[in-house]
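Student: For reference, the structure I am asking about is given below.
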Amino acid sequence: MGSQALSSEVVTGSREESAYRKNKARLAVDIGGTFTDVALERGDGSLITAKVLTTPRAPEEGVIAGVAEALAKANIKPVDIGVIIHGTTLATNALIEKRGAKTALITTEGHRDSLEMAYENRFEQYDVNIDRPPPLVPRWLRLPVRERMNAAGEIVLPLDERTVEALVPALERNEVESLAIGLLHSYANPAHEARVAEIIARAARRFQLACRARSRLKSANMNVRRRRSPTPMCVIDGALLARA
């Protein structure tokens with residue numbers, strides 16, 4: 001009986017919440033490169049829109065201005081909003097236009113060209129003269145360190161910390177703003193990536209860092225973003241972090 005009563009309460013609560021949301025307005029915001037568009041659907045189904053200039057240095061300012069305009073047109077208050085949907089092309093535009101931070105990639109020795117080789121696919125399968133877009137990180141900023149994990153996360157070759165320390169002067173000299181770390185099979189064992197990040201954290205410059213290591217690394221002179229995504233995503237993160 002108790003279980004049935006609990007189940008009934010859950011269903012009732014869900015229906016009440018659904019009815020609550022149904023009577024609330026829905027708000028959608030799209031931040032584009034030039035304009036920020038806002039669409040507001042009131043509880044009665046009527047649609048209100050607003051368009052304002054995007055403020056690239058502080059995108060939230062354009063959002064606030066657009067939302068305020070839409071709320072004023074609809075004659076409702078923020079508390080009347082039940083759902084907010086947000087999208088933006090700012091990151092995509094930054095990548096396409098190469099406006100991201102100057103990024104370096106630290107990777108396993110022998111694999112520095114994996115980023116550029118990718119899947120060896122082409123937009124036009126039979127066009128032997130096709131030009132692929134240049135990689136986000138040029139080869140001279142793809143820096144190898146001596147280490148190796150296997151797919152099971154077992155250490156095949158211990159991390160040679162001297163090869164990591166030797167990279168710091170090059171990072172300084174080339175005025176690198178953001179650093180991606182993508183070591184082979186770090187998804188299975190992030191220990192080497194975490195240790196590389198710790199060593200780089202000793203550098204005098206303030207680096208923005210993107211890596212897959214699931215460590216709790218924290219440093220006063222480094223902003224660390226941890227992910228379990230493939231190396232290309234770490235590079236994308238790195239290119240955008242310092243521009244965020």
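The values are calculated or read from the model by the stated rules, or taken from the named source; none is laboratory data. These figures come from a predicted structure and were not determined experimentally. A quick note on method: Cβ atoms are made from the backbone with ideal geometry, for glycine too, and the neighbour counts reach across all protein chains shown.
Student: Of the numbered conditions (1) of a type outside the set (A, V, I, L, M, F, W, C); (2) farther than 19 Å from I181 by Cβ; (3) exposed (fewer than 14 other Cβ atoms within 10 Å of the Cβ), T88 fails exactly one; give the number of that condition.
Tutor: Among (1) of a type outside the set (A, V, I, L, M, F, W, C); (2) farther than 19 Å from I181 by Cβ; (3) exposed (fewer than 14 other Cβ atoms within 10 Å of the Cβ), the lone unmet condition for T88 is (3).
Student: Can you go through I106, I84 and tell me which one is touching a residue at least 12 places away in the same chain (Cβ under 8 Å), closer than 30 Å to T36 by Cα and of a type in the set (V, I, T)?
Tutor: Exactly one of I106, I84 is touching a residue at least 12 places away in the same chain (Cβ under 8 Å), closer than 30 Å to T36 by Cα and of a type in the set (V, I, T), namely I84.
Student: Restrict the check to segment 219-231 and report whether at least one residue is surrounded by 17 or more Cβ atoms within 10 Å (Cβ to Cβ), part of a helix (DSSP H, G or I) and modelled with pLDDT under 65.
Tutor: Within segment 219-231, one or more residues are surrounded by 17 or more Cβ atoms within 10 Å (Cβ to Cβ), part of a helix (DSSP H, G or I) and modelled with pLDDT under 65.
Student: Next question. Within segment 32-61, how many residues are of a type outside the set (G, A, S) and in contact with a Gly (Cβ under 6 Å, 6 or more places away or on another chain)?
Tutor: Selection size over segment 32-61: 5.
Student: Within the set of pairs 6 or more residues apart or between chains, which connect a residue that is free of Cβ contacts under 8 Å to residues at least 24 places away in the same chain inside segment 141-165 to a residue that is outside any helix (DSSP H, G or I) and not acidic (D, E) with Cβ atoms less than 6 Å apart?
Tutor: Taking only residues 6 or more apart or on different chains, the pairs are V156/R148; V156/N150; L157/R148; D160/R146.
Student: Which residue is farthest from L53 (Cα to Cα), if the candidates are limited to segment 70-92 and must be among the small types (G, A, S) and more than 20 Å from the chain's Cα centre (by Cα)?
Tutor: Here the answer is G82.
Student: Out of the residues in segment 167-205 that are hydroxyl-bearing (S, T, Y) and crowded, with 23+ Cβ neighbours inside 10 Å, which is farthest from A118 (Cα to Cα)?
Tutor: S178
Student: Determine which member of the set V63, V137 is without any contact (Cβ under 8 Å) to a residue 60 or more places away in the chain, surrounded by 13 or more Cβ atoms within 10 Å (Cβ to Cβ), among the hydrophobic types (A, V, I, L, M, F, W, C) and in contact with a strand residue (DSSP E or B) (Cβ under 6 Å, 6 or more places away or on another chain).
Tutor: Criteria check complete, one pass: V63.
Student: Condition check: in contact with a Pro (Cβ under 7 Å, 6 or more places away or on another chain), of a type outside the set (S, T, Y) and more than 26 Å from A203 (Cβ to Cβ). Does L115 satisfy that?
Tutor: In short, no.
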